[in-house]
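For reference, the structure is listed below as C-alpha cells.
The values are calculated or read from the model by the stated rules, or taken from the named source; none is laboratory data. Everything quoted here is computed from the prediction, not taken from an experiment. Because the Cβ atoms are built from the backbone with ideal geometry, glycine has one as well, and the counts that use them run over all protein chains shown.
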C-alpha cells in the first residue's frame, strides 16, 4: 500500500551535525598535513641541515689540533657533534606555515570546526618532532664518517636523537607563540635570534673547565650547557644518569616556559577570532 503525502503537509527537517573525530585523530590529521607540506618546501629545510654540517666541518678542521693540545684523550670531533645537532634542530618549526594559515583565514575556519583546539598546535609539534629527529641522522652519519663513536652503542644513538628532538620540540614554543600573537612572518623569521645567547654563551667551543669569569657563570645558568653535556656523555662516557637527568631537567624547564607562552597565545588567538 502506498501512502500519499499531501503537498501542503509540513516536510520533516533534518539537522546534520559534524561528529567529533577524537583527540588522536584530530592531532594526526593536523600532523599529516604539516608533514606533507614539508616535502613541498625544501628551501625551508636545506639551510637547517647545511649550516650545522658546514660549521661542524669548519670547526673540526680548523680547531681540532689546537683544542686537543694538552688535554689527553680529548676528542674534539665528538665534542663538536652535539653542537652541530643543536644547531640543526633548534628553531625548526612550522610556525611560518601557521602564519600563512592565519593570514589566509584557514586557521579561523579550522577553529569553527569540531577539531580540538589543542590539536591545532600539537599536530604541528608532532610533525616538528619527526622532522628534527630526521635532521639528526645526516649529522650523525657525518660524525660516524669522521670517526665519532658512541660508548653507549646503538641504544645510546637512539636516546641521543630523542633528546635532541625534545630540545628542538620545546624550543618551537617560542616561534609558535610569536606566530599566534602577531601573525607576522617577519617576526617569526626573527625568532631564531632568541637562540643566539643559548648557542654561544655555553660550552659550544670549549669545555666547561676552560671557561673563566663571567662566561663560566653564564654558562652555568644556560640550559644548553646541560643538554650538550648530556649528549656528549652518550658519546664518550657511557650511561651517566646524573648528567642525563640534568639534561632532561634543562629541557623540561625550557619546555614549561615556552609551551606556557605558546598555549597562552593560542587561547588569545581563539578569543580574538
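For the stretch 140-166, filtering for residues that are within 16 Å of the chain's Cα centre (by Cα) and either within 15 Å of residue 52 (Cβ to Cβ) or crowded, with 20+ Cβ neighbours inside 10 Å (or both) leaves 6.
Select from the stretch 216-235 the residues that are more than 15 Å from residue 163 (Cβ to Cβ) and buried (at least 17 other Cβ atoms within 10 Å of the Cβ) and write down the one among them that is modelled with the highest pLDDT. Among those that are more than 15 Å from residue 163 (Cβ to Cβ) and buried (at least 17 other Cβ atoms within 10 Å of the Cβ), it is 222.
Scanning the stretch 208-245 for residues being in a loop (DSSP other than H, G, I, E, B), in contact (Cβ under 8 Å) with a residue 60 or more places away in the chain and under 25 Å from the mean Cα position of the chain (by Cα) gives a total of 1. Yes or no: the stretch 46-62 includes at least one residue that is closer than 25 Å to residue 233 by Cβ and at pLDDT 85 or above. So far as the stretch 46-62 goes, no, none of its residues is closer than 25 Å to residue 233 by Cβ and at pLDDT 85 or above.
Here residue 155 fulfils each of the conditions (1) modelled with pLDDT of 90 or more; (2) touching a helix residue (DSSP H, G or I) at 6+ places or on another chain (Cβ under 8 Å); (3) in a helix (DSSP H, G or I); (4) more than 26 Å from residue 25 (Cβ to Cβ) apart from (2). The single condition from (1) buried (at least 18 other Cβ atoms within 10 Å of the Cβ); (2) at pLDDT below 90 that residue 118 fails is (1).
Taking the criterion of being assigned to a loop (DSSP other than H, G, I, E, B), surrounded by 15 or more Cβ atoms within 10 Å (Cβ to Cβ) and touching a residue at least 24 places away in the same chain (Cβ under 8 Å), the residues of the stretch 183-204 that qualify are 183, 202, 203, 204.
Just the residues that are closer than 17 Å to residue 247 by Cβ and part of a helix (DSSP H, G or I), please, taken from the stretch 89-100.
Correct list: 89 only.
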